[in-house]
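Working notes, beginning with the structure itself.
The values are calculated or read from the model by the stated rules, or taken from the named source; none is laboratory data. Predicted model, so just to flag it, every value in this text is computed and none were measured. All Cβ positions, glycine included, derive from the backbone under ideal geometry; neighbour counts span all protein chains shown. Please note that ligands, DNA and RNA were not included when accessible areas were found on the heavy atoms of the full protein model with its side chains. Shrake-Rupley method; radii C 1.70, N 1.55, O 1.52, S 1.80 Å.
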Amino acid sequence: MKKKVCDAWVPKRNQKGGEKGFFFVPSLQELCLEMLADNADAMVSLEGVPDELIRKLCNLLCDSRKMNTRFLELLLSGSPTEIRLKDCSWLTEEQFAKYFQTCDTTRLEVLQLDQCGRCIPDYALLGTLRQSPRWLPKLITLSLSGACRLSDKGLHVLASSAPALRSINLSQCSLLSSASINILADSLGSLLKELYLDDCLMIDAAQIVPGLKKLKHLEVLSLAGIQTVSDEFIKDYIIECGHNMKELILKDCRKLTDASIKGVAEHCPGLCALDLMNLDKLTDLSLGYLTNSCRALHTLKLCHNPFR
């Protein structure tokens with residue numbers, strides 16, 4: 001009987017190592033943060049911990065669905081300068097009111113409460129902000145992506161309470177109307193530099209042009225997924241205000257044609273980043289316009305474009 005010959009043993013390649021077979025070795029900091037995330041309920045204080053490490057720990061807890069009110073209480077204790085929660089879907093209205101009403105926000109510069117549709121309706125904001133007319137005096141960056149119960153009224157309260165705001169992310173805030181841009185312009189017209197409105201489906205691009213023109217120092221504008229963004233919008237807004245623009249995100253704005261890209265290239269000389277993903281009406285002419293005019297461009301996204 002012929003003896004079966006076994007195949008030669010071949011070591012498994014590490015997935016992160018690629019073809020060369022290098023193994024990914026986590027840093028000591030990463031190992032420590034993972035250990036802390038696994039034992040977050042045993043932590044008693046975040047005093048003295050740098051904001052960068054707290055941010056990484058918060059991301060780990062949100063990614064693993066371990067963020068809870070106990071850690072939130074630690075995060076809000078004292079007088080924090082940053083509160084970053086990329087997923088607030090677990091937080092209720094009652095919990096939001098309880099913990100944020102007692103939080104000292106006088107030094108807060110960054111507030112990220114993404115996916116907060118469950119916990120932040122307008123009346124919850126009003127109840128919290130009623131404690132002080134300048135609840136967020138030093139806030140520079142605000143992100144409320146996914147705040148699907150935030151209306152124009154709630155945004156007005158927020159804008160009035162954060163007089164130093166420079167960047168605001170309102171992506172997927174489905175109740176906001178075109179009037180929301182005028183609200184921001186009236187409160188923050190000389191200050192706001194970054195505005196994200198991705199997938200705000202009630203916003204009509206043509207109607208927000210006058211409000212956008214009041215934002216004199218706007219450098220980053222994201223309108224991804226807003227289907228009313230058209231060549232006419234680019235012509236009306238970019239030709240007059242494009243000289244300040246450094247980043248423009250037009251992903252999934254499917255009405256745009258080469259004419260829009262020509263306008264962007266000619267009137268945004270300082271543009272550094274441009275996202276044109278999923279625009280199926282573009283041709284090779286767009287690439288020519290960008291190549292000839294956008295000398296400062298270092299990030300260009302063109303995925304899923306046929307370029308006929």
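A few remarks follow.
- Largest to smallest accessible area among Leu184, Leu175, Leu60 [probe 1.4 Å]: Leu175, Leu60, Leu184
- Solvent-accessible heavy-atom area per residue, rounded to whole Å², over the chain at 1.4 Å: 53 Å²
- For the stretch 284-300, 3J(HN,Hα) per residue [Karplus equation, 6.51 cos²θ - 1.76 cosθ + 1.60, θ = phi - 60°, Hz, x = Gly/Pro]: 4, 4, 4, 5, x, 4, 5, 4, 7, 10, 8, 6, 8, 5, 10, 10, 9
- The stretch 207-248 and the stretch 30-70 have Cα centres lying 38 Å from one another.
- These residues, His304, His217, His243, go from largest to smallest accessible area, 1.4 Å probe, as His304, His243, His217.
- Taking amide H positions as modeled 1.01 Å from N, with prolines and chain starts lacking one, the residues under 5 Å from Leu85 and 5 or more places away or on another chain are Gln112, Leu113, Asp114.
- DSSP-defined antiparallel bridges as percent of all bridges, the stretch 109-260, nearest 5: 0 percent
- Take Ile140: with every protein chain present and a 1.4 Å probe, its accessible area is about 70 Å².
- Taking the chain as a Gaussian network of alpha-carbon nodes connected by springs under 10 Å, the highest mean-square fluctuation of the residues Met202, Met35, Met67 belongs to Met35.
- Max mean-square fluctuation residue, GNM over the chain, Cα-Cα springs under 10 Å, options Thr291, Thr69, Thr81: Thr291
- What the phi angles of the stretch 275-281 give under the Karplus curve with 6.51, -1.76 and 1.60, with θ = phi - 60°, is a coupling list of 10, 10, 5, 6, 10, 7, 9 Hz, glycine and proline written as x.
- In this view, the solvent-accessible surface of Leu302, computed with a 1.4 Å probe and all protein chains in place, comes to about 50 Å².
- Charge tally for Asn244 (other residues, Cβ to Cβ under 12 Å; Lys, Arg +1; Asp, Glu -1): 0.
- J(HN,Hα) series, the stretch 50-61, from Karplus relation 6.51 cos²θ - 1.76 cosθ + 1.60, nearest Hz, glycine and proline x: x, 4, 4, 6, 4, 4, 5, 5, 4, 5, 4, 5
- Between the amide H of Leu91 and any residue lying 5 or more places away or on another chain, no distance stays under 5 Å, with hydrogens modeled in the peptide plane.
- If you take all other residues with their beta carbon under 11 Å from the beta carbon of Gly189, and give Lys and Arg +1 and Asp and Glu -1, the sum is +2.
- Placing Asp38, Asp114, Asp51 in order of accessible area, with the largest value first and a 1.4 Å probe, yields Asp38, Asp51, Asp114.
- Cα-based shape type of the stretch 203-308, given that a ≥ b ≥ c are square roots of the gyration tensor eigenvalues and the cut on a/c is 1.5: oblate
- Heavy atoms of Glu30: accessible area, 1.4 Å probe, square angstrom to 10: 80 Å²
- Descending semi-axes in whole angstrom, ellipsoid equivalent of the chain, from the Cα gyration tensor: 36, 34, 17
- Highest mobility in the GNM of the chain, judged by mean-square fluctuation with C-alpha springs under 10 Å and restricted to Asn292, Asn68, Asn182, is found for Asn292.
- Gain on full stretching of the segment that runs from Leu285 to Ala42 - 0.36 nm per residue minus C-alpha separation: 81.6 nm
- For a label point 7 Å along the Cα-to-beta-carbon line of His304, residues of the stretch 187-228 with backbone N under 12 Å: 225
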